[in-house]
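Q: Please read through the structure below; I'll follow up with questions.
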Amino acid sequence: MSNLGQMAWNIADGLRGPFKPNQYGDVILPFTVLRRLDCTLASTRDQVRELAGKYEGKVLDVQVRKHTGLPFYNISKFDFPRLLEDPDGLRANMVDYINSFSENIDIFEKFEFEKTIDKLAEKGRLFYVVSAFADMNLHPSLVSNAEMGDLYEYVIRKFAEASNETAGEHFTPRDAIRLMVDLLFAEATEALMEPGVVRSIYDPTAGTGGMLSMAESVLTSPGKNPHARLRLYGQEANDQSYAICKADMIGKGQDVDNIRLGDTLADDKFAGQTFDFCMSNPPYGVDWKVSKEAVDKELKASHGKGRFGHGLPPINDGQMLFLSHLAHKMRPVQDGGGRAGIVMNTSPLFNGGAESGPSRIRQWLLENDLVDAIVALPTDMFYNTNIATYIWILDNAKKPRRQGKIQLIDASSFGTKMPKSLGNKRKELGDTAREQIVALYDAYEDGEHSKILPNEAFGYWTITVAMPLRVNYSAARAVDLDEKALTKAFGKTTDPAPFLEVLATMGNEIYRSREKFLDAVRTAFASTGLRLTAAQYRNLAAALQAEDPDGEVVLDAKGKPVAGSTDKENVPFTYAGNQNGEHGYEQTVQAYLETEVLPYSPGAEVLHKETRVGYEIPFGRIFYTYEPPRSLAEIDSDLEKQIAKILDLLHKVEGHK
């Protein structure tokens, strides 16, 4: 199929001059779609024309579906061969042809195809392009849906490269999709094997439909259930991707109305609907400013109960909004439950502190036991990024052994290097690697690449620890006191000047005991006949103090330590063996305080009113294994070898002089 893709793209060679490289896709993509539809309709064209002579409108739609089994049609007298019979009328006939499709084919409108036809005709390239595509037979009996998917991907990638765009915004690599599909279907094998089973799958970021196509292909393959029926639903915001996806779905005999155009975050075209399976590869690291007004409006209208009611991520990264959206799109448990898969980068695992939007989303997912597994993929797996990526699998009806737990699978080392890179994609998951990952999932055991942890293991309390105020005192600080501080220390009726003169004679000595400091001050004042009240002495000491970690703890009037600086500490729910949360907040935090804080800061206390709850999934830390540094002897040996090589090279250079 790469040859077919190359053939389609090679047609662009004839566009040089009138068209810039970044405009090639505007021609090649819609013509590829049109030729596929043209070939698909070849065997039913005469039958449809006959029906069109008897019926029209919705009645014609029903009659065509009844007699041909196809959900779309074209009532024009033209096809690619007949278009070429009239070169002079080609432009007008082409426009007539694309406008004669059934009403549910809005594909060419989204491509703004009439403008492309006009320009091709104006530049004398229309006949060339039509004849070139006429030589490509894309009939479904010769080119499978999967092969058409490959063809679309090839053309889109070339288009993106020529336009300096991001190809990965349009489609997801097939190896990544296949792994997600296998993981989605892994826990529903028995039910999916039933004869004539019907299930639904939904993609809110459908792109060109690659995920939906792969899911259908896998489920209905000979090794699975050829007699199964998977209903495909998708929403896509990009006009061209939507057009290609819709064309692909039409060719599969899917309901054309199940592919819809629009921004999923701003306008859920399937509001109120849920599905057996959901999957998505949303854009990550991309802001959602365009959708924010609609998201905020929906959130307000739902009173915090809707799809975004659990928290909002930072405005510069909207992928967790799609995570929340998918969780709400899974079929309810009472109706059989649903599963969802989503590809995201690292940030949704742990971005945001306790009670931030991302943390609250994780909290909702984990406390409702919706996260089944997370798989770390190799880097360099996707066309548009080489950063770490993860597949999250959600399930609202987990099997008993998986309830209350999350399985983490580290498959980051399972990729194999590709012979030739495709954009940023330099690695792929072969069949063996994919089967190993699915086997790890099915085995559900702890091991080198698989960890099974209770949901509580990902929760923590962010506590505020107040350290006791420790200070020292110095009379030398009196020169820096402003009028307000002097008034507070000596009162409104006392002239501070003589007292300041005495304090200036005491030098720079530092006192770490308030009583010793005040004793020295009293003695100095008494020698000149100066006196202060007890309250004034206390105020003066407070004015001349400074924080000192080695100083004396300051006590209040009741003899309790006065709080000084504060520090934030994260206390895991599972700290000190509290595996199932049986000890509760107070006991766990007290154990943490006594073990981790008080030995180093006696008198510290927790400000419980400021405690916040957080959730994170520290994937890397969980799989981290300590590797001891090399021994000095080994390092010395390597250095000696390198020095010997350098000396040998120097000797050779000297020998050539």
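Q: Of the residues L532, L518, which single one is in a loop (DSSP other than H, G, I, E, B) and surrounded by 18 or more Cβ atoms within 10 Å (Cβ to Cβ)?
A: On the way: L518 fails: in a loop (DSSP other than H, G, I, E, B).
The match here is L532.
Q: Can I ask one more? Find the residue count for segment 513-545, including only residues that are polar (S, T, N, Q) and farther than 15 Å from P498 by Cβ. Can you show your working first?
A: Restricting attention to segment 513-545, the residues satisfying the condition of being polar (S, T, N, Q) are 513, 523, 527-528, 533, 536, 539, 545.
Within this subset, residues satisfying the condition of being farther than 15 Å from P498 by Cβ are 513, 523, 533, 539, 545.
Qualifying residue count for the region: 5.
Q: Only one of T528, T533, T462, T494 is modelled with pLDDT of 95 or more and over 30 Å from E190 (Cβ atoms). Can you tell me which? Show your work before the answer.
A: Values: T528 fails: modelled with pLDDT of 95 or more; T533 fails: modelled with pLDDT of 95 or more; T494 fails: modelled with pLDDT of 95 or more.
Exactly one of T528, T533, T462, T494 is modelled with pLDDT of 95 or more and over 30 Å from E190 (Cβ atoms), namely T462.
Q: Report, ordered by the first and then the second residue, all pairs with beta carbons closer than 7 Å, sequence separation of six or more or different chains, a first member in segment 359-384 that is without any contact (Cβ under 8 Å) to a residue 40 or more places away in the chain, and a second member that is surrounded by fewer than 22 Cβ atoms within 10 Å (Cβ to Cβ) and part of a loop (DSSP other than H, G, I, E, B).
A: none
Q: Considering only segment 591-604, I want to know if a residue exists there that is over 37 Å from the mean Cα position of the chain (by Cα), part of a helix (DSSP H, G or I), surrounded by 10 or more Cβ atoms within 10 Å (Cβ to Cβ) and free of Cβ contacts under 8 Å to residues at least 12 places away in the same chain.
A: Scanning segment 591-604 turns up at least one residue that is over 37 Å from the mean Cα position of the chain (by Cα), part of a helix (DSSP H, G or I), surrounded by 10 or more Cβ atoms within 10 Å (Cβ to Cβ) and free of Cβ contacts under 8 Å to residues at least 12 places away in the same chain.
Q: Now, a different point. Can you tell me which residue within segment 487-508, out of those that are in contact (Cβ under 8 Å) with a residue 24 or more places away in the chain and within 59 Å of the chain's Cα centre (by Cα), is surrounded by the most Cβ atoms within 10 Å (Cβ to Cβ)? Steps first, please.
A: Let us first name the residues in segment 487-508 that are in contact (Cβ under 8 Å) with a residue 24 or more places away in the chain, namely 488-491, 494, 498-499, 502-504, 506-508.
In the following step, the residues that additionally are within 59 Å of the chain's Cα centre (by Cα) were identified as 488-489, 508.
On the way: K488: 15, A489: 22, N508: 8.
Among residues in segment 487-508 that are in contact (Cβ under 8 Å) with a residue 24 or more places away in the chain and within 59 Å of the chain's Cα centre (by Cα), the one surrounded by the most Cβ atoms within 10 Å (Cβ to Cβ) is A489.
Q: Do we find that N281 is of a type outside the set (D, E, K, R), at pLDDT below 95 and in contact with a strand residue (DSSP E or B) (Cβ under 7 Å, 6 or more places away or on another chain) in this structure? Quick ask: steps written out before the conclusion?
A: Numbers: of a type outside the set (D, E, K, R): yes; at pLDDT below 95: yes; in contact with a strand residue (DSSP E or B) (Cβ under 7 Å, 6 or more places away or on another chain): yes.
Yes, satisfied.
Q: When the residues of segment 297-319 are filtered to those that are of a type in the set (D, E, K, R) and under 20 Å from the mean Cα position of the chain (by Cα), which remaining residue is modelled with the lowest pLDDT?
A: The initial filter retains those residues of segment 297-319 that are of a type in the set (D, E, K, R), namely 297-298, 300, 305, 307, 317.
Those still in the list that are under 20 Å from the mean Cα position of the chain (by Cα) too: 307, 317.
Numbers: R307: 95, D317: 92.
Of everything passing the filter in segment 297-319, D317 is modelled with the lowest pLDDT.
Q: For segment 430-448, enumerate the residues that are within 30 Å of F159 (Cα to Cα) and assigned to a loop (DSSP other than H, G, I, E, B).
A: First, pick out the residues of segment 430-448 that are within 30 Å of F159 (Cα to Cα): 430-431, 434.
Of everything in segment 430-448, just one residue is within 30 Å of F159 (Cα to Cα) and assigned to a loop (DSSP other than H, G, I, E, B), namely G430.
Q: Select from segment 411-429 the residues that are in a loop (DSSP other than H, G, I, E, B), open to solvent by less than 30 Å² (accessible area, probe 1.4 Å) and closer than 15 Å to R174 by Cα and list them in ascending order.
A: Residues satisfying the conditions are G415, L429.
Q: Pull out all pairs, ordered by first then second residue, where Cβ-Cβ is under 7 Å, the residues are six or more apart or on different chains, the first lies in segment 409-430 and is under 18 Å from N345 (Cα atoms) and touching a residue at least 40 places away in the same chain (Cβ under 8 Å), and the second is surrounded by fewer than 19 Cβ atoms within 10 Å (Cβ to Cβ) and among the β-branched types (V, I, T).
A: N424/T385; K427/T416; E428/T416
Q: Among the listed residues I177, I201, which satisfies the condition of being assigned to a strand (DSSP E or B) and either closer than 26 Å to K398 by Cβ or open to solvent by less than 10 Å² (accessible area, probe 1.4 Å) (or both)?
A: On the way: I177 fails: assigned to a strand (DSSP E or B).
The conditions single out I201.
Q: Working only within segment 535-576, note down all residues that are outside any strand (DSSP E or B), among the hydrophobic types (A, V, I, L, M, F, W, C) and within 19 Å of Y511 (Cβ to Cβ).
A: Taking segment 535-576 and keeping what is outside any strand (DSSP E or B), we get 535-544, 548-551, 554, 556-560, 562, 573-576.
Imposing the further condition that a residue be among the hydrophobic types (A, V, I, L, M, F, W, C) reduces the set to 535, 540-544, 554, 557, 562, 573, 576.
Across segment 535-576, the qualifying residues are L540, A541, A542, A543, L544, V554, V562.
Q: Listed residues L349, L408, L394; which is of a type outside the set (K, R) and assigned to a helix (DSSP H, G or I)? Break it down into steps so the answer makes sense when it comes.
A: On the way: L408 fails: assigned to a helix (DSSP H, G or I); L394 fails: assigned to a helix (DSSP H, G or I).
Going through L349, L408, L394 in turn, the sole match is L349.
Q: Now a separate question. Scan segment 45-65 and give yes if some residue there is touching a residue at least 24 places away in the same chain (Cβ under 8 Å), on the phi < 0 side of the Ramachandran plot, touching a Gly at 6+ places or on another chain (Cβ under 9 Å) and of a type outside the set (S, T, Y), otherwise no.
A: So far as segment 45-65 goes, no, none of its residues is touching a residue at least 24 places away in the same chain (Cβ under 8 Å), on the phi < 0 side of the Ramachandran plot, touching a Gly at 6+ places or on another chain (Cβ under 9 Å) and of a type outside the set (S, T, Y).
Residues checked against (1) closer than 19 Å to F80 by Cα; (2) of a type outside the set (A, V, I, L, M); (3) open to solvent by 50 Å² or more (accessible area, probe 1.4 Å):
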position	(1), (2), (3)
W9	yes, yes, no
G14	yes, yes, no
L41	yes, no, no
E50	no, yes, yes
K54	no, yes, yes
G57	no, yes, no
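Q: Give me the residue from segment 305-364 that is among the polar types (S, T, N, Q) and more than 18 Å from P282 (Cα to Cα) and, out of that set, surrounded by the fewest Cβ atoms within 10 Å (Cβ to Cβ).
A: Step one: of segment 305-364, the residues among the polar types (S, T, N, Q) are 316, 319, 324, 334, 345-347, 351, 356, 359, 363.
From what's left, more than 18 Å from P282 (Cα to Cα): 334, 356, 359, 363.
Numbers: Q334: 7, S356: 17, S359: 23, Q363: 21.
Among residues in segment 305-364 that are among the polar types (S, T, N, Q) and more than 18 Å from P282 (Cα to Cα), the one surrounded by the fewest Cβ atoms within 10 Å (Cβ to Cβ) is Q334.
Q: Report every pair of residues separated by at least 6 positions or lying on different chains whose Cβ atoms are under 8 Å apart, first residue within segment 553-568 and over 30 Å from E355 (Cα atoms) and at pLDDT 85 or above, second in a strand (DSSP E or B) and aliphatic (A, V, I, L, M).
A: What qualifies is V554/V471.
Q: (1) under 25 Å from L366 (Cβ atoms); (2) touching a strand residue (DSSP E or B) at 6+ places or on another chain (Cβ under 8 Å): which one isn't true of K427, the others all being true?
A: (1)
Q: Name the helices (runs of 4 or more DSSP H) wholly within segment 1-113 that hold at least 3 residues that are within 34 Å of the chain's Cα centre (by Cα)? Lay out the reasoning, then the answer.
A: Working: elements: 2-10, 24-40, 45-52, 57-68, 80-83, 90-98, 107-110.
Helices (runs of 4 or more DSSP H) meeting the threshold: 2-10, 24-40, 107-110.
The values are calculated or read from the model by the stated rules, or taken from the named source; none is laboratory data. Source: prediction; values computed, not measured. Because the Cβ atoms are built from the backbone with ideal geometry, glycine has one as well, and the counts that use them run over all protein chains shown. Accessible surface is based on the protein model in full, side chains and every heavy atom, while ligands, DNA and RNA are left aside. Shrake-Rupley method; radii C 1.70, N 1.55, O 1.52, S 1.80 Å.
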